[in-house]
Each structure stands twice: as structure tokens, then as C-alpha cells.
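Single-structure report; data block below.
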Amino acid sequence: MSRNRFNSTSSFSQVIRKFFLSAFVVFAFAAYAIHERLTNANSAAAASNSGGGQDASAQPSDPTSAPNPGSLSGSSSGTLSGASSTSPAQAPANAASSSSNSSGYKDGTYTGQTVDVNYGLVQVQTTIQSGKIAAVQFLQYPNDRRTSQQINSIAMPYLQQEAIQAQSANVDIISGATLTSEGFQMSLQSALAGAH
Amino acid sequence: MGMPVTVEVVEAADESLFDEVFEYFGYVDGKFSTYKAASEISRINRGELEWEHASDDMKLIFQLAEQTRIESNGYFDIRHQGRIDPSGIVKGWAIYNAAEILRKRGFVNYYVDAGGDIQASGKNPQGRAWRVGIRNPFQMDVIVKVLSITDCGVATSGTYVRGQHIYNPKDGEDALAEILSLTVIGPDVYEADRFATAAFAMGRSGIDFIECLPGFEGYMIDRNKQATFTTGFARVGTA
């Protein structure tokens with residue numbers, strides 16, 4: 001899949017909406033996958049026979065195997081292709097390490113497949129500790145500069161702005177980027193003169 | 001480097017005090033100036049001096065720079081195209097040390113200004129907080145904002161003056177032309193300077209970085225003559 005297929009004629013809000021929708025879907029998908037593991041943990045043997053389905057008690061599965069039909073990939077791929085044209089996400093595949101615990105969640109770290117959300121690739125990793133979701137993090141994140149700068153702006157929309165205006169107040173000191181000695185003296189004199 | 005230095009002490013002080021402060025800046029310049037062929041940093045850059053044989057201050061600066069690089073997610077980096085230029089952290093460090101000379105001598109009301117970065121302590125001759133004007137990057141003899149400060153540091157990063165070298169370590173193509181000036185107010189001038197340099201390399205996001213840094217305020221001026229400032233800036237910046 002090509003990355004950064006950013007359409008420059010899209011409006012700014014469409015870009016952001018698509019990204020957040022896709023990112024939300026990936027998170028929701030990862031959370032749902034964990035939920036599936038919990039509910040399927042006791043019937044793991046029965047569920048694992050359908051051509052490479054993913055389940056907690058089986059050996060770590062081949063990431064290229066088909067997703068468990070009927071539930072996981074059906075809902076997620078439907079939602080994803082509605083948001084943007086991407087490949088359907090696979091079920092979380094690689095359990096880097098696992099150990100059992102009494103609550104039914106398998107401790108370990110689960111890595112999701114890489115999803116192309118149209119503005120880059122997203123890959124989520126989920127960590128289970130003591131049977132609970134301890135962390136969900138992005139392993140891959142769209143790093144197109146333009147997009148991430150827009151997202152940064154979205155993250156901090158509340159910083160105030162103002163047009164700069166000349167001030168006529170008295171000052172003791174002046175802060176500015178380094179000048180040469182001559183330029184400094186000249187401009188310092190005139191600045192302080194202007195300030196009085 | 002070769003930046004102009006201004007020291008003002010409100011209490012009565014002997015001239016030898018100022019000599020000591022200016023001598024210290026001379027020492028720093030002689031060691032860290034990339035414009036001086038005989039400086040220690042120039043010899044390191046030419047490969048004439050091994051890291052193990054560098055002076056204590058040079059090693060200290062390298063450690064502080066590395067710490068700043070990590071704290072700024074890589075945006076502060078004294079290495080560029082195979083050369084090392086530590087001026088983005090040396091300046092604030094030197095001003096801080098110079099002010100310490102005054103503080104340890106028992107002086108309370110003073111400031112040290114080197115190249116527009118300032119450590120201010122106590123009160124000005126009128127008994128008020130020190131008033132610092134932020135220069136208009138579009139008109140050098142005009143002030144666009146006044147800060148009222150005491151016992152803290154102010155540093156302004158900018159590329160509107162020739163000779164100022166700040167780069168975006170994450171994108172060599174980035175000309176850093178969007179933001180002309182970023183003024184950072186911090187607990188002391190060493191902190192303000194290193195983070196002003198780091199934040200400037202982040203472009204427009206630099207002010208967000210300062211906003212998220214507890215104990216720091218910032219005032220950023222972009223090429224459209226628009227200023228963006230942190231939520232706590234009103235504490236130090238008057239209208």
C-alpha cells in the first residue's frame with residue numbers, strides 16, 4: 001500500500017476527521033480484540049479450528065493467516081473501508097510473550113497489523129499486565145510533517161494570539177536575537193530612546 | 001560568538017567586579033567560539049583534540065547538551081553536518097555562571113545581559129521588577145512587548161539576524177522561516193536559553209513545547225507579525 005496518499009485538495013477538517021476516525025477505529029479494534037480474547041479464552045480449542053484463527057491459548061499465529069471469520073475482521077474491515085480506502089486490518093497476531101493468570105486475560109504484548117489510514121501507517125501495540133490492559137501505544141504513526149503539524153495545532157488550539165504592536169513603555173533591558181556589536185549599540189540606543 | 005555583554009549592579013560595586021565578569025565571558029569565548037580558530041571547540045571540530053583530553057567545562061557542556069537533546073525529543077542538537085556548535089547552550093550557561101559571580105559576592109539587585117539573553121535578580125534602580133523589552137524582529141529599534149521580571153532568566157531565539165545558526169535536526173530542508181523570534185522566560189537563563197533554542201528548531205510547535213514545560217512561559221512571533229503566547233504568559237508580560 002502506498003503511504004502518504006494525502007490529497008491536497010481535501011479540506012483541512014476532512015483530513016483531520018479522517019485521521020481521527022481511522023485512529024479511533026484502530027484503537028477500538030485493538031480494544032475489541034482484547035475483549036474477544038477474554039470471552040473466547042475458555043473456548044479456545046473450539047474456536048481455533050477455522051483456518052488460522054487467533055486466540056490466546058494457541059501458539060503465536062502466523063501474521064499472514066486469515067482473520068477469524070464472522071466477527072472481528074467483518075466489523076473492522078467494514079468500518080475501515082468506510083472511512084478511507086485501506087486494507088482490512090488483521091486480528092492482533094504476534095504474542096511476544098505470554099503467561100496465564102486467573103482473570104482470563106493473557107499477560108503479554110500484542111502487536112496489531114499495520115493499517116494504512118491514508119496519511120501514513122498506523123500500528124498499535126497492546127500490553128496486558130496482571131490481566132488488565134496496561135498500555136496501548138502506537139508503534140507506527142503517520143509522520144508526514146504537514147499532517148503532524150496540523151495535529152499539533154489541533155492539540156493546542158487554546159494558545160492566545162495577538163498582532164504584535166509597538167510599545168512605548170520604559171524598559172531596562174532588551175531581549176532579542178544576537179546582533180553584531182555595532183548593530184547592537186545602534187539599535188539599543190534608538191530602542192531605549194524610543195522607549196522614553 | 002563575540003556578543004555584546006551588559007552588566008548592571010544596583011548596589012555600589014567596585015570596578016574589579018565587572019572586570020571579573022567580563023573576564024569570565026572572555027574565557028568562555030576563547031574556549032567555545034566556533035569563530036576562533038584557536039578555541040578548544042574549533043580544535044575538536046578539526047580533529048586536533050580528542051574527547052578524552054577535552055577540558056572539564058567542555059565535557060560538562062557536552063553532557064548538558066546531550067541531556068537537553070533527550071529532553072527536547074532530539075530537537076536540540078549541537079551536532080550539525082559533522083561539526084559541533086554548542087553556542088545554543090553555552091550562552092545561557094555562561095550568563096548564569098557570570099550572574100553567580102555577583103550572587104556569591106552578596107549582590108542582590110543586578111542583571112547580566114549577553115546577546116539579548118538575560119539573568120535578572122532583585123529589583124531595578126527604581127525599586128521595581130526589571131523591565132525587559134522584546135525586540136520587534138521586523139523593526140530592530142522597536143519593542144513589541146514588555147516583560148516585568150525578577151529572579152529568572154529570559155532568552156530569545158531567532159534567525160532574523162545573520163549569524164544565528166539554529167537547525168531542525170529532524171528535517172534538513174526545513175529553513176525555519178516560519179517563526180522569527182521565540183522568547184522564553186524560565187527559572188534561570190541557562191534553562192531559558194537551552195529550551196528557547198530547542199523550541200525554535202520545532203518551528204510553530206515550539207510554543208506548544210514551552211506551554212507543556214512547567215515553570216516556563218513563551219512569546220513567539222511569526223512571519224505574519226502574529227504572536228502566540230503561553231497561557232501563563234500574562235504573569236510576566238504586560239500589555
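Residues in the stretch B:204-236 that are facing chain A (nearest Cβ under 7 Å) and among the hydrophobic types (A, V, I, L, M, F, W, C): B:I207, B:I221, B:A227, B:F229.
Checking the stated criteria, B:S148 turns out to be assigned to a strand (DSSP E or B) and among the small types (G, A, S).
Scanning the stretch B:101-117 for residues that are under 19 Å from the mean Cα position of the chain (by Cα) and in a loop (DSSP other than H, G, I, E, B) gives B:G115, B:G116. Which members of the stretch B:172-187 meet the condition of being surrounded by 21 or more Cβ atoms within 10 Å (Cβ to Cβ), under 20 Å from B:G215 (Cα atoms) and either in contact (Cβ under 8 Å) with a residue 60 or more places away in the chain or of a type outside the set (S, T, N, Q) (or both)? Of everything in the stretch B:172-187, those that are surrounded by 21 or more Cβ atoms within 10 Å (Cβ to Cβ), under 20 Å from B:G215 (Cα atoms) and either in contact (Cβ under 8 Å) with a residue 60 or more places away in the chain or of a type outside the set (S, T, N, Q) (or both) turn out to be B:L182, B:V184, B:I185, B:G186. Comparison of B:A120, B:A192, B:A198, B:A155 shows that the only residue that is within 11 Å of another protein chain (Cβ to nearest Cβ) and part of a helix (DSSP H, G or I) is B:A192. Of everything in the stretch B:142-157, what is of a type outside the set (A, V, I, L, M, F, W, C) and surrounded by fewer than 23 Cβ atoms within 10 Å (Cβ to Cβ)? Give them in sequence order. Residues satisfying the conditions are B:S148, B:T150, B:D151. Among the criteria (1) in contact (Cβ under 8 Å) with a residue 60 or more places away in the chain; (2) within 18 Å of B:D193 (Cα to Cα); (3) surrounded by 23 or more Cβ atoms within 10 Å (Cβ to Cβ), the one B:P169 does not fulfil is (3). When residues in the stretch A:19-55 are screened for being surrounded by 14 or more Cβ atoms within 10 Å (Cβ to Cβ) and at pLDDT below 50, 7 of them pass. Report yes if B:I210 is closer than 27 Å to B:A98 by Cα, crowded, with 24+ Cβ neighbours inside 10 Å, among the aliphatic types (A, V, I, L, M) and in contact with a strand residue (DSSP E or B) (Cβ under 6 Å, 6 or more places away or on another chain), otherwise no. Taking the combined requirement at face value, the residue satisfies it.
Inspect the stretch B:132-141 for any residue being buried (at least 22 other Cβ atoms within 10 Å of the Cβ), aromatic (F, W, Y) and either facing chain A (nearest Cβ under 10 Å) or touching a helix residue (DSSP H, G or I) at 6+ places or on another chain (Cβ under 8 Å) (or both) and give the result as yes or no. No, the conditions are met nowhere in the stretch B:132-141. Taking (1) polar (S, T, N, Q); (2) surrounded by 24 or more Cβ atoms within 10 Å (Cβ to Cβ); (3) touching a helix residue (DSSP H, G or I) at 6+ places or on another chain (Cβ under 8 Å) in turn, B:S205 satisfies each apart from (2). When you scan the stretch B:173-180, do you find a residue that is more than 10 Å from every other protein chain (Cβ to nearest Cβ) and of a type in the set (G, A, S), even just one? Yes: the stretch B:173-180 contains one or more residues that are more than 10 Å from every other protein chain (Cβ to nearest Cβ) and of a type in the set (G, A, S).
The single condition among (1) among the basic types (K, R); (2) more than 11 Å from every other protein chain (Cβ to nearest Cβ); (3) under 18 Å from B:E8 (Cβ atoms) that B:R128 does not satisfy is (2). Scanning the stretch B:38-55 turns up no residue that is under 19 Å from the mean Cα position of the chain (by Cα) and of a type outside the set (A, V, I, L, M). For the stretch B:25-44, state whether one or more residues are within 14 Å of chain A (Cβ to nearest Cβ) and within 29 Å of B:R128 (Cβ to Cβ). Looking for residues that are within 14 Å of chain A (Cβ to nearest Cβ) and within 29 Å of B:R128 (Cβ to Cβ), one finds at least one in the stretch B:25-44, hence yes. Scanning the stretch B:3-24 for residues that are among the hydrophobic types (A, V, I, L, M, F, W, C) and more than 14 Å from chain A (Cβ to nearest Cβ) gives B:A12, B:A13, B:L17, B:F18, B:V21.
One line per residue, one yes/no per condition, for (1) modelled with pLDDT under 95; (2) closer than 19 Å to B:E20 by Cβ; (3) among the polar types (S, T, N, Q):
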{"position": "B:W51", "(1), (2), (3)": "yes, no, no"}
{"position": "B:Q63", "(1), (2), (3)": "no, no, yes"}
{"position": "B:A98", "(1), (2), (3)": "no, yes, no"}
{"position": "B:V112", "(1), (2), (3)": "no, yes, no"}
{"position": "B:S121", "(1), (2), (3)": "no, yes, yes"}
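The values are calculated or read from the model by the stated rules, or taken from the named source; none is laboratory data. All of these numbers come straight from a predicted model, not from anything done at the bench. Glycine gets a Cβ as well: all are built from the backbone with ideal geometry, and neighbour counts include every protein chain shown.
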